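Here the structure comes first, spelled out in structure tokens, and everything after it is commentary.
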């Protein structure tokens with residue numbers, strides 16, 4: 001599977017202006033305001049438009065609001081069920097494959113990373129029904145595998161969405177990379193990734209809010225991998 005050089009997880013052409021030093025304070029205020037509205041019963045759609053219009057935010061800045069804002073109740077609940085790295089030793093980890101991989105790819109490519117109010121690490125990559133491998137894909141898988149081996153993870157259930165193009169090729173690549181891993185890896189193609197993760201009895205690795213709010217326990221895998229293995233990642237911290 002040859003990397004598609006036309007595709008990158010790096011910065012969008014608009015990111016330098018959208019997330020400049022001058023823009024960050026406004027975004028912090030906007031995330032705080034949106035989170036307050038969510039905490040008081042407003043819908044995400046209505047509140048996001050209200051705050052975005054108030055601060056004259058651009059489209060990519062509004063996407064940041066949606067990824068980083070959360071109600072106080074949701075933040076507290078997610079933090080309560082967050083599992084620290086030392087608990088993963090000997091555990092089975094159910095991984096939201098594309099969710100984790102895209103964030104690590106973005107970090108390696110110099111793309112913008114977002115630290116939301118719930119502490120989860122996210123990116124602005126647009127995931128659709130198409131996936132193309134980039135030049136850092138193998139490296140990203142290696143970093144994830146090496147990290148899980150270091151913390152003693154016993155078994156990895158890595159789920160990839162079957163309807164997404166090139167999932168079968170990505171499955172083969174991951175299996176090639178992890179053949180020497182100490183952890184036992186199973187890479188599954190499924191059309192029910194979200195349901196399987198929400199219902200999993202294992203610790204779940206994802207930053208998807210819908211899954212975070214429905215799983216029993218979760219692990220901030222992308223954040224831990226990036227923090228330990230990717231120097232000088234472009235991080236926009238909107239957690240406070």
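Residues of the range 144-169 that are assigned to a loop (DSSP other than H, G, I, E, B) and buried (at least 22 other Cβ atoms within 10 Å of the Cβ): 153 alone.
Residues that are part of a loop (DSSP other than H, G, I, E, B), in contact with a helix residue (DSSP H, G or I) (Cβ under 6 Å, 6 or more places away or on another chain) and modelled with pLDDT of 95 or more within the range 111-125 comprise 116, 117, 118, listed in sequence order. Within the range 133-154, one or more residues are modelled with pLDDT under 95 and more than 21 Å from residue 232 (Cβ to Cβ). Mind telling me which of the residues 64, 51 ends up being closer than 16 Å to residue 14 by Cβ, buried (at least 16 other Cβ atoms within 10 Å of the Cβ) and at pLDDT 95 or above? Step by step, each of 64, 51 is checked, and only 64 is closer than 16 Å to residue 14 by Cβ, buried (at least 16 other Cβ atoms within 10 Å of the Cβ) and at pLDDT 95 or above. The conditions are (1) farther than 16 Å from residue 160 by Cα; (2) surrounded by 16 or more Cβ atoms within 10 Å (Cβ to Cβ), and residue 228 fails exactly one of them. Which is it? Exception for residue 228: condition (2). Assess whether residue 203 counts as being surrounded by 18 or more Cβ atoms within 10 Å (Cβ to Cβ) and farther than 22 Å from residue 63 by Cα. Answer is yes for this residue.
Quick one: which residue in 30, 70, 47 is in contact with a helix residue (DSSP H, G or I) (Cβ under 8 Å, 6 or more places away or on another chain), not in a helix (DSSP H, G or I) and not assigned by TED's automatic domain parsing to the domain that holds residue 203?
Values: 30 fails: not in a helix (DSSP H, G or I); 47 fails: not in a helix (DSSP H, G or I).
Checking each option against the conditions leaves just 70.
Take the conditions (1) surrounded by fewer than 13 Cβ atoms within 10 Å (Cβ to Cβ); (2) within 16 Å of residue 114 (Cα to Cα); (3) at pLDDT below 95; residue 20 misses just one of them, which is (3).
Would you confirm, using the coordinates I've provided, whether residue 108 is within 28 Å of residue 78 (Cβ to Cβ), in contact with a strand residue (DSSP E or B) (Cβ under 9 Å, 6 or more places away or on another chain) and either buried (at least 17 other Cβ atoms within 10 Å of the Cβ) or not assigned by TED's automatic domain parsing to the domain that holds residue 68 (or both)?
Values: within 28 Å of residue 78 (Cβ to Cβ): yes; in contact with a strand residue (DSSP E or B) (Cβ under 9 Å, 6 or more places away or on another chain): no; either buried (at least 17 other Cβ atoms within 10 Å of the Cβ) or not assigned by TED's automatic domain parsing to the domain that holds residue 68 (or both): yes.
Judged against the criteria, residue 108 is not a match.
Of the residues screened, residue 78 is one that is within 20 Å of residue 218 (Cβ to Cβ), surrounded by 16 or more Cβ atoms within 10 Å (Cβ to Cβ) and touching a helix residue (DSSP H, G or I) at 6+ places or on another chain (Cβ under 6 Å). The number of residues in the range 111-124 being in contact with a strand residue (DSSP E or B) (Cβ under 8 Å, 6 or more places away or on another chain) and farther than 10 Å from residue 206 by Cα comes to 9.
Mind telling me which of the residues 92, 103 ends up being farther than 26 Å from residue 233 by Cβ and in the same structural domain as residue 206 (by TED's automatic domain parsing)?
Values: 103 fails: farther than 26 Å from residue 233 by Cβ.
Matching residue, one of 92, 103: 92.
Take the conditions in contact with a helix residue (DSSP H, G or I) (Cβ under 7 Å, 6 or more places away or on another chain) and part of a helix (DSSP H, G or I) and apply them to residue 108. Does it pass? Working first, answer last.
Numbers: in contact with a helix residue (DSSP H, G or I) (Cβ under 7 Å, 6 or more places away or on another chain): yes; part of a helix (DSSP H, G or I): yes.
For residue 108, the condition - in contact with a helix residue (DSSP H, G or I) (Cβ under 7 Å, 6 or more places away or on another chain) and part of a helix (DSSP H, G or I) - is met.
The values are calculated or read from the model by the stated rules, or taken from the named source; none is laboratory data. As the structure is a computational prediction, the values presented were derived from the model and not from experiment. Every residue, glycine among them, receives a Cβ derived from its backbone with ideal geometry; neighbour counts consider all protein chains shown.
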